[in-house]
Each structure stands twice: as structure tokens, then as C-alpha cells.
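Following: one structure in C-alpha cells, then a few remarks.
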């Protein structure tokens, strides 16, 4: 396994730069395909959320792959390499696994412990599967990452320790508006973050929830789940005039709410959770308008305070244990083709010698012949059992590949021969007995 992770996040870059690097829709698919088509890359997957863009790849050349991914991120974002590179982080093999499991568990989120990232990792995996950019390495790694993320949320109190971005945003809204019960709110968008926003507003007692989305049918479905109402997207300006609170998170890539649309002069709180921005930052200058975006949430410190709780410590311990278990399993699996090749070669030698014996002792027939054959097979199995089990155990160590390499050199093995690979399953059962 040679897994590479190259990314940029709220931890390494200002929101303005993140906004430029952020990809969604067709742009995300194009980036995924371009990475996969690079000669250094065998498999590729891209995680893109409101506060991170990360490229994961199974590669055969580290430096070449890092250069290729960096240049592709630069080309797709329009940010020059020399400006982008200082904000990128690179993780390889063990550290890449550690980082991914931490991301899936919510450890690397702007608001530590938020659960949205798990759904975003799942979406990234699904997209890569649909686009055919996955093989066994990344598919198995991300399936395990999803299990780890779910375990973190199930076995710890991290859901309570780390509020969602929406929750932090609404906490800031209450500081401006006071209690939200009885207020009127507008949700722009109908995706997963919008659904979370609408549900959170309903729990807070907001009396009138309006949903606007380019696809009206999706707006209707979301509005029905919270007892709200849906409006056509071109009614956005009209609805803005009568609400107290707006949450926008479409990821449309263009500004949807401009200063010209906020002319009522009444107090309104705007929460922009999209990258790129849905709301023109210029609206901050308007009287009565308060705009909070991802950068403001980051500066508020509300999400960071939860990182000191016992739940975060428990979650990090789970991630550490899961990483160790995954890496042990992966290293053991890498030696399997060599073990298979050794046992296949032993079987080939045994069959050749049995054939030679039978030709020299033609009177060896029936029960006597079967007993000789079974005895020789048992001898070979017993001789190979301990070294093959031991090499798989040793392979779980950080230098485990050296043991498999030594075995290949000693017995002149080629673990890639079709004859060996075809016998993988039965030999696995024998080795593990």
C-alpha cells in the first residue's frame, strides 16, 4: 500500500484561499478524473467539504505523485503553485491512514466532533466508485474509515462535545437576535447541510421556515420534513424582506444574495456556510445586517473549546487503536502473495517427485500409493506451516516487508505468477489453521 493524501483545510489556509480551491459538481468530477489519469496514480478519491479539499491516491512514485496532485489543484483552482504549496499538507502511508481516520471521526473539523464530515466522506467514496477511480486499496481503506467514524460517534460523547457548524452559527445568531423561538427563517439550498439547518431551526422553535432551492421539488420535500413551506428560487428577494434569519449553504459557486436584495432596513442575521460564498461579504456594511461565515465561525472559538473535553480524548484513543489494527492487517495482507507462491512452489516440487517415484516403483499402487502421497503432503505442510505463519506475524511490524523479501530471495519466488494467485483462498485457510 502506498497511499498518499494531499490537501488543504481550514487549519492550513485562510478561508479566502479555501474558497478558491473548493470544488463541487462537475469541477469535482473533473479533478477526480484528472488525478486518476496521472501516470503515477493507480487509484484516486477526492474529499471536498466546506472546510477542506483532500486528494487521496494509491501511487507508485511519491515525489512524482505529490507534484502532479499539487499542479492539478493549482490548475483547477487558478491559484499559482507557489502560493498554494505553503498551505498544502502531505501525508504518506501510515500517516495518511492516521489523517483519514481522524478526519472521518471529526477530529480535524472546524467544529471538532461535527458529524457532517462522515456523510461527506461517504459521498466522496460513492463518487469515486461511480467514476471508476477506485481499486481495492482505497476502497477498503475508506470503508474502514467510515466504520471508524461511526464507532467514534457511537462509543463516545463527541456528538455532544462538538456542535455542528449550524449549531455554532445559531449560537452566534442568538447573541444578535435573542431567542430564536417565534422567529422567521429562510434556508437557501436543499442539500444535507440545508436539511440539518432546517431541522435545527425547527428544534429551536422557529415558527416559520421557508426553503428556497433551484430545484423546487427538492425544496418542497425538505420543507415538508419541518412543517415549513417551499418557494421558487426567483422569490428569494421577496422572502428576504420578511425574515429574521437566513442560512445559505448551496455551494453553487456564485453569489446568490447581494446588497441590492437586502433593502428593508430591518435587522437580519445571515449565516453563510457555503464555499465559495453564497452571500456577498459587502452586505456587512448594511445597517441592521449581521453576516457570519465560515471564517467568523473559525474566529469565534466556539468549536475549539469542545476539543478539551474527555470525549475528544476518548475519540482520539479509538482512532489510534483503529489505525494500528488497520496497518497490522494491511502489512500482513501484503505478504500473502509470497506465502501463496511458497506453498505453490512446494506443491509443484512434491508433485514432480511423486511422479518420479511412481515411475520408478510402478508396483506402488492402491492404498500404499495413497498413504505415501498423504504422508509426503503432511510433511510439506508441517515444514511450511510455522515459517508461513511466522512471516505473516512478522509482516505486521513496520519493517515487515523485509521478511517477505527475504523469503522470496531464499526460495526464488515470484508472487505474481498466475498459478500461485489462483490458489490464494485454500492456502490462506491452511496457513491460518
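Remarks
- Among (1) within 25 Å of residue 116 (Cβ to Cβ); (2) modelled with pLDDT of 90 or more; (3) surrounded by fewer than 20 Cβ atoms within 10 Å (Cβ to Cβ) - the single one residue 261 does not satisfy: (1)
- Some residue of the stretch 327-344 being exposed (fewer than 15 other Cβ atoms within 10 Å of the Cβ), on the phi > 0 side of the Ramachandran plot and part of a helix (DSSP H, G or I): no
- Matching residues in the stretch 269-284 - criterion: being at pLDDT 90 or above and touching a helix residue (DSSP H, G or I) at 6+ places or on another chain (Cβ under 9 Å): 269, 270, 271, 272, 280, 282, 283
- When each of 187, 211, 226 is tested for being surrounded by fewer than 23 Cβ atoms within 10 Å (Cβ to Cβ), in contact with a helix residue (DSSP H, G or I) (Cβ under 6 Å, 6 or more places away or on another chain) and assigned by TED's automatic domain parsing to the domain that holds residue 275, the lone residue that passes is 226.
- Residue match in the stretch 287-306 (condition: out of contact with any helix residue (DSSP H, G or I) (no Cβ under 8 Å at 6 or more places or on another chain), modelled with pLDDT of 85 or more and either within 24 Å of residue 381 (Cα to Cα) or surrounded by fewer than 13 Cβ atoms within 10 Å (Cβ to Cβ) (or both)): yes
Let's see how each residue does on (1) assigned to a helix (DSSP H, G or I); (2) out of contact with any helix residue (DSSP H, G or I) (no Cβ under 9 Å at 6 or more places or on another chain); (3) in contact (Cβ under 8 Å) with a residue 40 or more places away in the chain:
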{"position": "8", "(1), (2), (3)": "no, no, yes"}
{"position": "18", "(1), (2), (3)": "yes, no, yes"}
{"position": "32", "(1), (2), (3)": "yes, no, yes"}
{"position": "45", "(1), (2), (3)": "no, no, yes"}
{"position": "55", "(1), (2), (3)": "no, no, yes"}
{"position": "58", "(1), (2), (3)": "no, no, yes"}
{"position": "70", "(1), (2), (3)": "yes, no, yes"}
{"position": "74", "(1), (2), (3)": "yes, no, no"}
{"position": "85", "(1), (2), (3)": "yes, no, no"}
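Here is a yes/no grid of residues against (1) surrounded by 18 or more Cβ atoms within 10 Å (Cβ to Cβ); (2) modelled with pLDDT of 95 or more:
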{"residue": "92", "(1), (2)": "no, no"}
{"residue": "104", "(1), (2)": "yes, no"}
{"residue": "111", "(1), (2)": "yes, no"}
{"residue": "123", "(1), (2)": "no, no"}
{"residue": "128", "(1), (2)": "yes, yes"}
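- Out of 169, 119, 149, one residue alone is in contact with a helix residue (DSSP H, G or I) (Cβ under 9 Å, 6 or more places away or on another chain), outside any loop (DSSP other than H, G, I, E, B) and surrounded by fewer than 21 Cβ atoms within 10 Å (Cβ to Cβ). It is 119.
The values are calculated or read from the model by the stated rules, or taken from the named source; none is laboratory data. Everything numeric in this text was worked out from a predicted model, so none of it was measured. Here the Cβ is made from the backbone with ideal geometry for all residues, glycine too, and neighbour counts use every protein chain on show.
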